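A.B. asks: Please read through the structure below; I'll follow up with questions.
The values are calculated or read from the model by the stated rules, or taken from the named source; none is laboratory data. Because the structure is a prediction, the values reported are computed rather than measured. Cβ: placed from backbone, ideal geometry, glycine included. Neighbour counts: every protein chain shown.
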Amino acid sequence: MHEVSVGIVGLGNVGMGTLSILAENAGRIEEKLGFRLRVAAVCSRSVGSKTIPAELGPVLKTADWREVVAHPDVDVVAELVGGATVAAEIIEAAIAHKKSVVTANKELMALRGPEIWESAIAAGINLAMEASVAGGIPIHAVLREGISGDRLQTIYGILNGTSNYILTEMEKHGAPLPTVLAEAQRLGYAEADPSADIDGFDARSKLAILAALAFGQKVAPADIYTEGIRRISPMDFQYAHRLGHTIRLVCAARMTSEGLTLSVRPALIQTSTILAGVQGAYNAVWVKGAYGADTFYYGRGAGPHPTGVAVVSDLMRVAREIRSGSPERVSPFAHERLGEFQPRSFLDQKRPFYLRFRVDDRPGIIAALAGILAGKHISLEAVLQEPCDTKHDLPFVITVEPTHERAVRAAVEEMSKLEFLLEPPLAMPMEPSL
Ligand SMILES: NC(=O)c1ccc[n+]([C@@H]2O[C@H](COP(=O)([O-])OP(=O)(O)OC[C@H]3O[C@@H](n4cnc5c(N)ncnc54)[C@H](OP(=O)(O)O)[C@@H]3O)[C@@H](O)[C@H]2O)c1
């Protein structure tokens with residue numbers, strides 16, 4: 001075999017970015033591999049309207065993905081369609097044809113990755129999915145190989161560029177979420193339906209994949225406690241700054257002696273920490289190991305070219321493995337096999353908490369709230385209040401000493417019934433180790 005041929009299904013942002021790298025960088029790729037990586041076929045529903053780079057030479061163009069999967073020259077199928085329906089059919093058909101698969105699909109791999117991997121093993125083909133988490137950051141390669149000798153303890157990530165862009169713009173300009181979101185949509189950072197990004201579901205899929213890679217357990221997205229950023233407002237940044245903190249949508253996976261704790265939620269993190277410096281649409285992953293201690297990975301989480309690099313690098317790796325005749329040289333999930341999820345509830349974690357209130361002011365408010373906290377054995381740390389024009393919508397913040405989240409939740413539930421509150425209190429953990 002003098003060359004390895006690929007078929008690309010999906011010619012959107014990632015597919016076109018991948019094709020342009022394969023075309024413009026073909027010489028370099030061949031120098032590195034020692035053989036040619038040829039694009040034999042491309043597919044999208046509107047393939048007729050796509051400009052396929054001429055440098056790729058003759059390429060089958062089709063609107064039917066089945067033709068790509070069944071093409072006799074195609075050794076590797078790149079699934080760059082997204083979603084969990086057609087993409088699953090494409091990958092299953094590719095595996096049935098004994099074609100290796102490269103995918104950027106976090107949603108599908110988070111939902112069904114271990115099962116798809118089992119079919120790939122049975123078929124003796126390679127499965128690679130670097131682009132599925134943190135697009136331009138080679139975090140799979142790091143967890144699969146770079147630090148696989150360590151015993152990992154904790155992963156903290158900023159894994160959704162859109163929500164990070166919204167939070168950091170809100171922090172810089174003091175604009176409310178709807179204004180910043182509209183700007184993000186205008187710039188193409190946010191979808192018309194922003195729910196997957198701002199409600200934390202996109203980040204949740206990525207954390208499910210990373211947790212499986214880091215800890216060898218089958219984690220389903222639904223196993224992860226998830227809270228989005230809709231309730232964060234510019235005033236929360238004012239208070240967070242007074243406390244020496246900022247706010248980020250933090251994806252956390254912590255291995256404890258009692259099990260694995262997973263969460264995606266907005267949290268206060270100290271402004272002095274490296275994660276607080278992650279601005280705009282960038283992503284970052286901070287990994288702590290028992291032996292290697294801290295390592296930090298930073299880069300673009302999305303975009304045609306950063307994600308395209310991840311796809312092309314996967315294609316190169318799979319092509320090498322096809323040439324050397326060694327499928328599954330290193331498992332895509334970093335472990336020989338994944339075990340069952342051993343959860344430890346995030347409610348058992350002890351943290352200092354930030355509680356933000358909006359009230360219709362009257363005497364006795366602090367006493368009422370402090371009474372509820374005392375009833376749950378929660379110690380109040382500080383009360384902060386920024387100047388405000390109106391007494392009818394008065395914000396203030398209470399911070400509490402490290403306490404179990406279970407107790408904080410019970411207190412928030414009880415507080416929510418108080419008639420002077422304009423909305424339920426907003427509770428966020430203050431991450432001490434970040
Ligand atoms: N965008 C990023 O920066 C990024 C980063 C990391 C990972 N990812 C992942 O990469 C994947 C692709 O994302 P994207 O942003 O490139 O999506 P996209 O721009 O929406 O592109 C999807 C492509 O799939 C094609 N397609 C959809 N249904 C098809 C079908 N039944 N048959 C053939 N082609 C079909 C579409 O074709 P038509 O347009 O012709 O209909 C389009 O070309 C997703 O899994 C996503 O989560 C994306």
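A.B. asks: Of the residues that make up the range 10-17, is at least one away from the ligand (no atom under 16 Å from the Cβ), modelled with pLDDT of 95 or more and among the small types (Gly, Ala, Ser)?
C.D. replies: Within the range 10-17, not a single residue is away from the ligand (no atom under 16 Å from the Cβ), modelled with pLDDT of 95 or more and among the small types (Gly, Ala, Ser).
A.B. asks: Name the helices (runs of 4 or more DSSP H) wholly within the range 159-233 that hold at least 1 residues that are touching a strand residue (DSSP E or B) at 6+ places or on another chain (Cβ under 8 Å)?
C.D. replies: Where helices (runs of 4 or more DSSP H) fall fully within the range 159-233 and carry at least 1 residues being touching a strand residue (DSSP E or B) at 6+ places or on another chain (Cβ under 8 Å), they are 161-173, 201-215.
A.B. asks: Continuing with the same structure: What are the pairs, 6+ residues apart or on separate chains, where a residue within the range 402-428 that is charged (D, E, K, R) has its Cβ under 7 Å from a residue that is in a strand (DSSP E or B)?
C.D. replies: Glu405/Arg351; Glu423/Arg358
A.B. asks: Could you check, for the range 208-217, whether at least one of its residues is more than 21 Å from Ala284 (Cβ to Cβ) and either touching a Gly at 6+ places or on another chain (Cβ under 9 Å) or at pLDDT below 95 (or both)?
C.D. replies: So far as the range 208-217 goes, yes, one or more of its residues are more than 21 Å from Ala284 (Cβ to Cβ) and either touching a Gly at 6+ places or on another chain (Cβ under 9 Å) or at pLDDT below 95 (or both).
A.B. asks: Out of the residues in the range 31-84 that are within 9 Å of the ligand (Cβ to nearest atom) and among the polar types (S, T, N, Q), state the one that is nearest to Met109 (Cα to Cα).
C.D. replies: Ser44
A.B. asks: Which of the residues spanning the range 245-286 are part of a loop (DSSP other than H, G, I, E, B) and more than 22 Å from Lys218 (Cβ to Cβ)?
C.D. replies: Thr271, Ser272, Thr273, Val278, Gln279, Gly280, Ala281
A.B. asks: Another question, then. In the set Glu191, Glu227, which member is surrounded by fewer than 19 Cβ atoms within 10 Å (Cβ to Cβ) and out of contact with any helix residue (DSSP H, G or I) (no Cβ under 9 Å at 6 or more places or on another chain)?
C.D. replies: After applying the criteria, what remains is Glu227.
A.B. asks: Looking at the range 36-58, I want the residues that are without any contact (Cβ under 8 Å) to a residue 40 or more places away in the chain and under 18 Å from Glu79 (Cβ atoms) and have a partner that is within 13 Å of the ligand (Cβ to nearest atom) and among the hydroxyl-bearing types (Ser, Thr, Tyr) with Cβ atoms under 7 Å, at least 6 apart or on another chain. Which pairs are those?
C.D. replies: Once the first residue is without any contact (Cβ under 8 Å) to a residue 40 or more places away in the chain and under 18 Å from Glu79 (Cβ atoms) and sits in the range 36-58, its partners that are within 13 Å of the ligand (Cβ to nearest atom) and among the hydroxyl-bearing types (Ser, Thr, Tyr) give Ala41/Thr62; Cys43/Thr62; Val47/Thr62; Lys50/Ser44.
A.B. asks: While we're here: Given the criteria out of contact with any helix residue (DSSP H, G or I) (no Cβ under 6 Å at 6 or more places or on another chain), at pLDDT 95 or above and within 21 Å of Pro114 (Cα to Cα), does Ser148 qualify?
C.D. replies: Yes; evaluated as a whole, the condition is true for this residue.
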